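First the structure, in the form of structure tokens, and then the observations on it.
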Amino acid sequence: MPAGRALRAEWTKLRTVPSTGWTLMAVVLSTTATGALVTWDLMPPHCERSDPACDFDLTELSLSGVYLGQAAVIVVATLAVTAEYETAMIRTTLAACPRRLVVLAAKAVVVTTAVIGAATISMLASLLAGRELLAGNGFSTVAGYRPLSLGDGPTLRAYGGTVLYFGLVALLSLGIAFVVRHTGGTVTILLVLLYVSPIVSLAVTDPRWKEWIEKVSPMTAGLSIQSTLRLDALPISPWSGLGVLALYAVGAVVAGLVLFRLRDA
């Protein structure tokens, strides 16, 4: 089967499963609603703006919904693979397209494109909600705060980088799904990988170990892309942090491809 037909086949499978639309909608709603709730509840501190501790990173706070939205991304990317194994549909897929690299690549392109589309909508909605809510709470240009705007370089990097973050989480999920081939196991591994390491870093008292864990943690490192203030205090720079997540995603996809080619369907 040519690559173009494989892409169309994967797109047809993805869009005709009812859960796909609902899960992508959950990505948008959970990301936007959580970020809006955080900005709605935020009030300017009663202290001097010259004090760094009193200067909130409004861009990063408006993007707080990513912590919840990425869970829905994990689900949609995982099911794109494991649902076929659990129903034995993968045998039909490979009968139609025996080239396993093409199958995996087609799934990766279709799933990542769908997730990036949902993430883009989420970011635009979060931007609009955050700008209105923060201005209403007193975080205005008159008070010395810069408004959320994609015309601002750091803000554009934070929002655009978060879209890429969602795409990389989708690839990471896809790769691990091909390795594990079971929905529950894949989702559990991903939740542990993304959410547990930040908790461990909070429990570590040695600053050197704490910094190292934050540098290699896929979520903590990857979400450094959202920071727009006090970048020198980060354990890893924004783009380098996103690169760490990219390495996890590439490693998972390569491992998934190797096992996909070696094992029977």
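The table below gives the values:
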{"item": "Stretch in the chain that is longest and holds no trypsin sites (Lys or Arg not before Pro) that DSSP places in a loop and that have at most 13 other beta carbons within 10 Å", "result": "50-229"}
{"item": "Within a Gaussian network of the chain (alpha carbon springs, distance under 10 Å), most fluctuating of THR228, THR82, THR12", "result": "THR12"}
{"item": "Kirkwood hydrodynamic radius (C-alpha pairs) into Stokes-Einstein, the range 150-239, 37 °C and 0.692 mPa s, D in µm²/s", "result": "228 µm²/s"}
{"item": "Formal net charge of residues neighbouring LEU259 (Cβ-Cβ distance under 14 Å; K, R +1; D, E -1)", "result": "+3"}
{"item": "Gyration tensor over alpha-carbon atoms, the chain, equivalent ellipsoid semi-axes in Å", "result": "37, 21, 14"}
{"item": "Separation between Cα centres of the range 207-265 and the range 1-39, rounded to whole Å", "result": "23 Å"}
{"item": "Environment charge at TRP11 (Cβ cut-off 11 Å; Lys +1, Arg +1, Asp -1, Glu -1)", "result": "+4"}
{"item": "Taking MET43, MET89, MET219 and counting other C-beta atoms within 10 Å, the order from fewest to most", "result": "MET43, MET89, MET219"}
{"item": "Charge context of VAL204, other residues only, Cβ under 10 angstrom, K/R +1, D/E -1", "result": "-1"}
{"item": "Cα long-axis angle, helix 100-136 against the chain (0 to 90 degrees, to the nearest 10)", "result": "20 degrees"}
{"item": "Stokes-Einstein D in µm²/s, Kirkwood radius over Cα pairs - the range 73-112 at 10 °C with 1.306 mPa s viscosity", "result": "152 µm²/s"}
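No value in this document is a laboratory result; all are computed from the given coordinates. The structure presented is a predicted model; accordingly, all values stated were derived computationally and were not measured. Note that we place each Cβ from the backbone using ideal geometry, even for glycine, and neighbour counts take in every protein chain shown.
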